[in-house]
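This report concerns only the one structure given below.
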Amino acid sequence: MSAAAVRPADPLEAVPLPPPPELVVSLAGASAEQQSRLERYAGLLAGPGVERGLLGPREAERVWPRHLLNCAALAELLEPGQTVLDLGSGAGLPGVVLAVLRPDVTVVLVEPLLRRALFLEQVVEALELRGTLVRRSRAEELAGRLLVDVVTARAVAPLPRLAGWALPLLHPGGRLLALKGDRADSELDQTRPLLAGLGACEGVVVDVGSGPTLARVAVLTRSPRAAS
Ligand SMILES: C[S@@+](CC[C@H](N)C(=O)[O-])C[C@H]1O[C@@H](n2cnc3c(N)ncnc32)[C@H](O)[C@@H]1O
């Protein structure tokens, strides 16, 4: 399968799903327009996303705490104007959340499975996410064809394998942000012996967000001297 733009999909109606009242405060930094987009995205995940089997049926009621707010925390790690590749985006997590909260960055949603890539295309259109692209591809197929500032990933692969896929896609000095939760430290320990060979100069675990948005992220940095 080659890296390919996905064909235009039929429009999808986005019925807003607001956050539970106790979580509204966690969105304090979002503008009214961003909040509206996130609510429509939540509706797409809990509706067509679940109907098409992209999310499990039990996920509909925890779309906000388990998915959107967890991913929102990554937004603070991005710098203005960066290009962000969301690897194994699935139904758009964390890439779509980042595209909504950080319209100053360009987001590329990479997903190999057609069914998921078509959903992503429909989400981008329904939420009018200008500057967000969908590529139907496996990570390995993009090496040597695409270089970005940041790769994000959640629930895609153990860190040693993920690092092997992501680091070749990064500019020198670029960063992999892997949402790992409780497994961040142990997976980073397993990855450390591989870092130099993969062209990474640093690996750390950082906590971002707070309360319901708290996320534990493994951050690998591609060496500034790595050949691009
Ligand atoms: C468990 S899902 C996670 C989806 C999303 N990131 C999330 O957190 O909900 C893993 C995703 O990674 C994708 N994937 C698996 N192998 C991949 C590869 N080699 N390159 C890119 N994506 C891959 C799968 O198709 C799937 O959509």
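Which condition number does Ala46 fail, the rest of (1) of a type in the set (Gly, Ala, Ser); (2) without any contact (Cβ under 8 Å) to a residue 40 or more places away in the chain; (3) over 22 Å from Glu33 (Cβ atoms) being met?
Every condition holds for Ala46 apart from (3).
Out of Gly131, Gly211, which single residue is touching a strand residue (DSSP E or B) at 6+ places or on another chain (Cβ under 8 Å) and modelled with pLDDT under 95?
Gly131
Residue under question is Val96, and the condition is that it be within 12 Å of the ligand (Cβ to nearest atom), at pLDDT 95 or above, closer than 21 Å to Glu33 by Cα and in contact with a Phe, Trp or Tyr (Cβ under 9 Å, 6 or more places away or on another chain); does it hold?
Details: within 12 Å of the ligand (Cβ to nearest atom): yes; at pLDDT 95 or above: yes; closer than 21 Å to Glu33 by Cα: yes; in contact with a Phe, Trp or Tyr (Cβ under 9 Å, 6 or more places away or on another chain): yes.
Yes.
Given (1) small (Gly, Ala, Ser); (2) within 18 Å of Leu38 (Cα to Cα); (3) surrounded by fewer than 24 Cβ atoms within 10 Å (Cβ to Cβ), where does Gly81 come up short, assuming only one miss?
Every listed condition holds for Gly81 apart from (2).
Considering only residues that are at negative phi and either surrounded by fewer than 17 Cβ atoms within 10 Å (Cβ to Cβ) or modelled with pLDDT under 95 (or both), look in the stretch 173-193 and name the one that is farthest from the chain's Cα centre (by Cα).
Pro193
From the set of residues in the stretch 49-63 that are touching a residue at least 60 places away in the same chain (Cβ under 8 Å) and crowded, with 16+ Cβ neighbours inside 10 Å, which is farthest from Arg216 (Cα to Cα)?
That would be Gly49.
Just checking, how many residues over the stretch 99-115 are within 12 Å of the ligand (Cβ to nearest atom) and surrounded by fewer than 23 Cβ atoms within 10 Å (Cβ to Cβ)?
The number of residues fulfilling the criteria is 4.
Has the stretch 118-134 got any residue that is surrounded by fewer than 24 Cβ atoms within 10 Å (Cβ to Cβ) and near the ligand (Cβ under 10 Å from one of its atoms)?
no
When the residues of the stretch 142-161 are filtered to those that are crowded, with 17+ Cβ neighbours inside 10 Å and of a type outside the set (A, V, I, L, M, F, W, C), which remaining residue is nearest to the ligand (Cβ to nearest atom)?
Arg154
Taking interchain pairs and intrachain pairs at least six residues apart, which have beta carbon atoms under 8 angstrom, with the first residue in the stretch 128-151 and free of Cβ contacts under 8 Å to residues at least 60 places away in the same chain and of a type in the set (A, V, I, L, M, F, W, C) and the second within 11 Å of the ligand (Cβ to nearest atom) and assigned to a loop (DSSP other than H, G, I, E, B)?
Ala139/Gly88
Cβ-Cβ under 8 Å, sequence separation 6+ or interchain: first residue in the stretch 1-25 and farther than 22 Å from Val110 by Cα and modelled with pLDDT of 85 or more, partner assigned to a loop (DSSP other than H, G, I, E, B) and polar (S, T, N, Q). Which pairs?
none
Take the conditions over 15 Å from Arg216 (Cβ atoms) and crowded, with 22+ Cβ neighbours inside 10 Å and apply them to Gly164. Does it pass? Working first, answer last.
Working: over 15 Å from Arg216 (Cβ atoms): yes; crowded, with 22+ Cβ neighbours inside 10 Å: no.
Criteria not met by Gly164.
Quickly run through the stretch 173-194 and pick out the residues that are in a helix (DSSP H, G or I) and either under 21 Å from Val84 (Cα atoms) or in contact with a His (Cβ under 9 Å, 6 or more places away or on another chain) (or both). Break it down stepwise before answering.
The initial filter retains those residues of the stretch 173-194 that are in a helix (DSSP H, G or I), namely 181-194.
Listed by number, the residues that qualify are Gly181, Ala184.
The values are calculated or read from the model by the stated rules, or taken from the named source; none is laboratory data. This is a predicted model, so every value here is computed, not measured. Cβ atoms come from the backbone with ideal geometry, glycine included; neighbour counts cover every protein chain shown.
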